[in-house]
Amino acid sequence: MAALRGDCPPVTCALANPPARLRLMSCRAPRPRGGVSDAYRARNTGDPVAKRSAVRFIGMTTTTDTHCPYCSLQCGMRLRTGPEVGAAGAEVLERPGFPVNGGALCGKGRSAPALLARDVRLTGPLLRDRPGGPLRSAGWPEALARVAEGLAGVRERHGADAVGVFGGGGLTNEKAYQLGKFARVVLRTANIDYNGRFCMSSAAAAHRRAFGLDRGLPFPLEDIPHTDCLVLVGANPAETMPPALRYFRELRENGGTLIVVDPRRTRTAAEADLHLQPRPGGDLALALGLLHLVIADGLVDEEFVAARTTGFDRARAAATAHWPDRVERLTGVPVARLREAAALFGRAATGMVLTARGPEQQSKGTDTVGAWIDLCLATGKAGRPRSGYGCLTGQGNGQGGREHGQKADQLPGYRSIEDPVARAHVAGVWGVDPEALPGAGRSAYELLDGLGQPGGVRALLLAGSNPVVSAPNAGHVAGRLRALDLLVVADPVLSETARLADVVLPVTQWAEEDGTTTNLEGRVILRRRALDPPEGVRSELWVLRELAARLGVPDGFPAEAEPVFDELRRASAGGDADYAGISYRRIAAEDGVFWPCPDAAHPGTPRLFLDRFATPDGRARFAGVTHRPAAEEPDRDYPLYLTTGRVLAQYQSGAQTRRVPELNAAAPGPFVELHPRLAARLAVGEGELVSVTSRRGRAVAPARVTDTIRPDTVFMPFHWPGAGRANTLTNPALDPVSRMPEFKLCAVRVERAEGEAS
Ligand SMILES: Nc1nc2c(c(=O)[nH]1)N[C@H]1C(S)=C(S)[C@@H](COP(=O)(O)OP(=O)(O)OC[C@H]3O[C@@H](n4cnc5c(=O)[nH]c(N)nc54)[C@H](O)[C@@H]3O)O[C@H]1N2
Ligand SMILES: Nc1nc2c(c(=O)[nH]1)N[C@H]1C(S)=C(S)[C@@H](COP(=O)(O)OP(=O)(O)OC[C@H]3O[C@@H](n4cnc5c(=O)[nH]c(N)nc54)[C@H](O)[C@@H]3O)O[C@H]1N2
Ligand code: SF4
Ligand SMILES: [Mo]
């Protein structure tokens, strides 16, 4: 890592021996310019000095060490930029030595420069003059005036809470923080939430309930190969985080055991020593069944339970009611397999349970994760080296995005918006009266469901999400978006949701701006600006500054990322997610810094809970929950389970990856995975169209016949709009604690769809 350590920022000149002048410029820490021109800086900051000194380094090729725009692994990559580099002006090179991915990237990361090309993205604002009319090009002054007047008008007519904000877990910490501040200080609305509610909010809620603190993994990925037994529950990293697979492979090479729990025999499950294949929604009963067996076999770590936990009696009582035969009936997992798993995990000296969206995206997701944590606690596999429970967060900033105030009930630093001390602290940093801060607003689906309804949000500012494709019951959500008085979408591309907007604001992305994200390990990393965006594109921070000024708040909204980060550090100081000691310079020098990091001398915290848990008494709390059915189970009319998820080559709503030709070639469209026995019963062959109908709607897509799925379950990826949109079908039933929708199961009917085009 020598090249990345020390005072130099991670920008190097690609010329073998750069002239001294260039070397000096690229070493002017802490703000490297890379391929970014001062003209761009001038446009985005309004800084007249920068405007006067505008220079482009025509002909110069630079490399910038940065990170992938997509998932929570936030793989390190090196971007080579310059006028002669490819159509988009950038190409991805290996960034050796960054610890998380060790130089490896998946196809999405490697092809990410395609997102920068002019022809796939927005290059100027768009406006709609009348409802139902077409979108037309507009200048920034007109677009900003329209947004500011629209938001102010709705506030005047319907009150501050009638203006809503919907953010995303892909936004950098700086953008997420500024969006939260904008909502509370400028719009003064309680109604801000974000797509992280759709992602890992159940794991977050369970984490807080058990440990008093929520960070995806309580240890770095590098610990995984050194545990003895690892259970991956509803996670398919072979497709969703391929470079992370090496940790699980190393675990097995070291003699450890990998158990995978998934209704499908995924590429990840194919690597496991033991694959448990429950029905969708069976995870809660399964975890309790394993706890039952661990207790029955005398494998409880009594010493650990006595010294470091509370509430075991309730958990034991709950487990008693989940004897093996009953759990086999509830989950479809044979008793012999249950015994095998309980023995492997219970007898291992160290062990980990990692969950992802499978068990979490359920209307009982919080309790389900709680039951898996109970299994860890009972066997002494938490708060110790090489052991613990963790959640594989999903989006690029899935972790940081939930810490800094985009969530309806939170203020920066993972503080509660209901806590008077937290309100006073953050209000102090923002220079406002604590009384003026709104309270908790509606959760993501509830916010979307209420759009345009009496008492609901009537003007929505949306950044970093594409709910027309990704929200549950998406047909209904699209209708609610159409019912708004004003929809403003900030996005680098014209997503399906942006197409419905009254105003579309084209914003910078990833390689065009600085900013930090926090990966699944709690490691805060730094994305670097590597090149200019197209002429008509502005940074999101600049947009927020301009809107704030037009809405009467001229100060407190810098257009550059680093000053925003410095304010975020102060706002987070003393909170659970304490970033006070983290700086851009440190992140670059140390390959990221793990929070909490309360001061500049603090080394950061790669491993949590080794001495005590973050609860008031330092003890972890058992959940002690019992099995309950899903919100909708199969019946006569809808006899099958539908579950949904991802494929390797597409990302989320596909707004980005469906614009990348090589990814589209690998994953061209939606499909319905079904077992050969089910296919035979329906007389459906490979590639033939099937219709899938739920109580919400009907989708049509080609059949993919495979014996890797349970015969009682069909699977659809959710990356596409149109006839094959999986979310036309999904059930918006919410978890009572996390308000997470039940994406992972609903009841459906499947039929041949003769003569229909998908
Ligand atoms: N290629 C790609 N990678 C991605 C993303 C992407 O869209 N595409 N998105 C990123 C984001 S935001 C996220 S959140 C992560 C998600 O990462 P993962 O959670 O790994 O992805 P999913 O495919 O949603 O779900 C994982 C598995 O859960 C299984 N499953 C379905 N129902 C159940 C159930 O009831 N119980 C159990 N135990 N398992 C079940 C599915 O069969 C699937 O194999 O991926 C990140 N990485
Ligand atoms: N059926 C089903 N549905 C699901 C899931 C599932 O497993 N099954 N998973 C859920 C999960 S885990 C998630 S995370 C959601 C994700 O689904 P979405 O919330 O729709 O997330 P993306 O598709 O990543 O959309 C991000 C949008 O932000 C834009 N964008 C990228 N960078 C920036 C930026 O810096 N600023 C702004 N303003 N915009 C930017 C992108 O171009 C894109 O249009 O989907 C959920 N929906
Ligand atoms: S695994 Fe995730 S972060 Fe790494 S290259 Fe692929 S999409 Fe990017
Ligand atoms: Mo996610």
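The values are calculated or read from the model by the stated rules, or taken from the named source; none is laboratory data. What you see is a predicted model; the values in this text were computed from it and never measured. Because the Cβ atoms are built from the backbone with ideal geometry, glycine has one as well, and the counts that use them run over all protein chains shown.
Annotations for the structure displayed:
- The set of residues from the range 595-650 being within 30 Å of residue 111 (Cβ to Cβ) and β-branched (Val, Ile, Thr) comprises 643, 644, 647.
- For the range 701-750, a tally of residues being under 17 Å from residue 356 (Cβ atoms) and not in a loop (DSSP other than H, G, I, E, B) returns 4.
- When residue 164 is tested against the conditions (1) touching a residue at least 24 places away in the same chain (Cβ under 8 Å); (2) out of contact with any Pro (no Cβ under 8 Å at 6 or more places or on another chain); (3) surrounded by fewer than 18 Cβ atoms within 10 Å (Cβ to Cβ), the lone failure is (3).
- Test: residue in the range 666-674 that is charged (D, E, K, R) and either under 22 Å from the mean Cα position of the chain (by Cα) or away from ligand 2 (no atom under 16 Å from the Cβ) (or both): no
- Any hit, the range 567-586, residues being in contact with a strand residue (DSSP E or B) (Cβ under 9 Å, 6 or more places away or on another chain), in a helix (DSSP H, G or I) and of a type in the set (D, E, K, R): yes
- Of the residues making up the range 196-227, those that are more than 9 Å from ligand 1 (Cβ to nearest atom), touching a helix residue (DSSP H, G or I) at 6+ places or on another chain (Cβ under 9 Å) and assigned to a loop (DSSP other than H, G, I, E, B) are 213, 214, 215, 216, 217, 218, 227.
- The range 116-130 residues that are free of Cβ contacts under 8 Å to residues at least 12 places away in the same chain, paired with ones that are of a type outside the set (Phe, Trp, Tyr) (beta carbon under 8 Å, 6 or more apart): 129/136
- Filter pass, residue 386 being in contact with a Lys or Arg (Cβ under 9 Å, 6 or more places away or on another chain) and either within 30 Å of residue 515 (Cα to Cα) or surrounded by fewer than 24 Cβ atoms within 10 Å (Cβ to Cβ) (or both): no
- Filter result for residue 594 (in contact with a Phe, Trp or Tyr (Cβ under 7 Å, 6 or more places away or on another chain) and more than 16 Å from ligand 3 (Cβ to nearest atom)): no
Matching residues to (1) in contact with a Lys or Arg (Cβ under 8 Å, 6 or more places away or on another chain); (2) away from ligand 2 (no atom under 16 Å from the Cβ):
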| residue | (1), (2) |
| --- | --- |
| 350 | yes, yes |
| 353 | yes, yes |
| 356 | no, no |
| 368 | no, no |
| 372 | no, yes |
| 376 | no, yes |
| 381 | no, yes |
| 397 | no, no |
| 401 | no, no |
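- Listing of strands (runs of 3 or more DSSP E) fully contained in the range 108-173 that carry 1 or more residues being among the hydroxyl-bearing types (Ser, Thr, Tyr): 135-137
- Residue 392 aliphatic (A, V, I, L, M), more than 15 Å from residue 350 (Cβ to Cβ), surrounded by 24 or more Cβ atoms within 10 Å (Cβ to Cβ) and touching a strand residue (DSSP E or B) at 6+ places or on another chain (Cβ under 8 Å): yes
- Count of residues meeting criterion [among the hydrophobic types (A, V, I, L, M, F, W, C) and buried (at least 22 other Cβ atoms within 10 Å of the Cβ)] in the range 423-470: 13
- Residue selected from the range 572-596 under the condition closer than 30 Å to residue 307 by Cβ and touching a residue at least 60 places away in the same chain (Cβ under 8 Å), by the criterion surrounded by the most Cβ atoms within 10 Å (Cβ to Cβ): 595
- Of all residues making up the range 528-550, the number that are of a type outside the set (Gly, Ala, Ser), surrounded by fewer than 19 Cβ atoms within 10 Å (Cβ to Cβ) and modelled with pLDDT of 95 or more: 1
- Against the numbered list (1) surrounded by fewer than 23 Cβ atoms within 10 Å (Cβ to Cβ); (2) in contact (Cβ under 8 Å) with a residue 24 or more places away in the chain; (3) among the β-branched types (Val, Ile, Thr), residue 81 comes up short only at (1).
- Condition check for residue 539: of a type in the set (Ser, Thr, Tyr), in contact (Cβ under 8 Å) with a residue 60 or more places away in the chain and under 30 Å from residue 149 (Cα atoms): yes
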